[in-house]
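The values are calculated or read from the model by the stated rules, or taken from the named source; none is laboratory data. Model, not experiment: these values are computed from the prediction. Because the Cβ atoms are built from the backbone with ideal geometry, glycine has one as well, and the counts that use them run over all protein chains shown.
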Amino acid sequence: MRFSEKSQVPERVFSGGPDMVSSMTTTSPQGRTELLRPDGSPVRVLVVDDELSITELLSMALRYEGWQIRSAGDGTGAIQTARDFRPDAVVLDMMLPDMDGLTVLGRLRRELPDVPVLFLTAKDAVEDRIAGLTAGGDDYVTKPFSLEEVVARLRGLIRRSGAADRRSDSVLVVGDLMLDEDSHEVSRGGANIHLTATEFELLRFLMRNPRRVLSKAQILDRVWSYDFGGQANVVELYISYLRRKIDAGREPMIHTRRGAGYLIKPASS
């Protein structure tokens with residue numbers, strides 16, 4: 001799947017089943033205020049639905065926001081995952097195979113009393129929507145839904161809950177590393193770092209996907225705009241350049257996953 005020149009989001013139009021997800025084109029997080037946890041790590045969202053196609057589609061769209069995602073297919077799994085994952089928001093289907101969404105909500109509230117919950121409901125189930133909001137749900141969307149609407153509603157819930165810090169539209173932050181997309185200034189721990197244009201683009205791509213392993217093919221496609229071929233060595237070369245400038249004399253932030261690719265994450269994690 002090829003990525004557009006200005007976005008990490010696939011150009012392909014996503015669509016689910018006719019009764020689940022309406023056709024739409026996902027949008028890039030560029031130009032939006034970035035949401036991060038107070039410690040600089042990605043926002044965490046738990047997606048709960050027994051339809052695998054829906055959880056996969058929602059998870060993909062939310063990951064393109066730079067968020068960390070976990071999913072579950074039933075209420076029992078949702079409660080256990082929430083206990084371990086400690087999400088900042090939950091997308092919860094009203095109808096699950098082992099228990100209904102209201103029961104799951106009640107149990108989630110015992111573990112995470114303040115976590116915002118976005119319900120997925122059937123199109124005509126007005127009583128479900130009323131019951132969900134009355135029971136403490138924060139918002140709902142009806143099936144079929146657009147991914148854009150889910151993302152927008154989640155962003156609003158997360159901002160209002162205070163679970164995330166808002167960063168300047170043009171500034172990417174990972175740990176003590178900052179990159180200003182408008183001024184092209186980069187600093188770590190307050191010390192300015194000079195990068196070439198290609199080094200800057202490579203670092204920007206890494207920082208737009210913190211903690212995510214990016215393959216050489218993905219990096220070539222996004223930074224150098226050509227498909228994977230015999231040029232993988234150029235990625236290794238520029239990663240080494242970045243390490244000399246970003247990590248020299250400091251705890252490393254850029255990491256290699258042998259056979260998989262590269263990622264960037266805060267030095268302390």
ask   = How about the range 57-77: which of its residues are farther than 15 Å from GLU111 by Cβ and not in a helix (DSSP H, G or I)?
value = TYR64, GLU65, GLY66, TRP67, GLN68, ILE69, SER71, GLY73, ASP74
ask   = Just wondering, is there one or more residues in the range 32-49 that are modelled with pLDDT under 50 and not β-branched (Val, Ile, Thr)?
value = yes
task = Of the numbered conditions (1) at pLDDT below 80; (2) closer than 23 Å to LEU35 by Cα; (3) not basic (Lys, Arg), VAL171 fails exactly one; give the number of that condition.
result = (1)
key: Members of the range 240-269 found to be assigned to a loop (DSSP other than H, G, I, E, B) and surrounded by 15 or more Cβ atoms within 10 Å (Cβ to Cβ), listed by number   = ASP247, MET253, LYS265, PRO266, ALA267
task = Please enumerate the residues belonging to the range 43-61 that are surrounded by fewer than 23 Cβ atoms within 10 Å (Cβ to Cβ), closer than 24 Å to LEU172 by Cβ and not small (Gly, Ala, Ser).
result = ARG44, MET60
key: Residue count for the range 57-82, restricted to those that are charged (D, E, K, R) and at pLDDT below 95   = 2
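Yes/no matrix, rows are residues, columns are (1) in the same structural domain as VAL90 (by TED's automatic domain parsing); (2) farther than 19 Å from VAL43 by Cβ; (3) at pLDDT 80 or above; (4) assigned to a helix (DSSP H, G or I):
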{"position": "ALA131", "(1), (2), (3), (4)": "yes, yes, no, yes"}
{"position": "VAL141", "(1), (2), (3), (4)": "yes, no, yes, no"}
{"position": "LEU179", "(1), (2), (3), (4)": "no, no, yes, no"}
{"position": "SER183", "(1), (2), (3), (4)": "no, yes, yes, no"}
{"position": "ALA217", "(1), (2), (3), (4)": "no, yes, yes, yes"}
{"position": "GLU236", "(1), (2), (3), (4)": "no, yes, yes, yes"}
task = State the number of residues belonging to the range 78-124 that are acidic (Asp, Glu), within 21 Å of PRO144 (Cα to Cα) and not in a loop (DSSP other than H, G, I, E, B).
result = 2
key: Members of the range 66-108 that are of a type outside the set (A, V, I, L, M), closer than 30 Å to LEU172 by Cα and surrounded by fewer than 22 Cβ atoms within 10 Å (Cβ to Cβ)   = GLY66, GLN68, ARG70, SER71, THR81, ARG83, ASP84, PHE85, ARG86
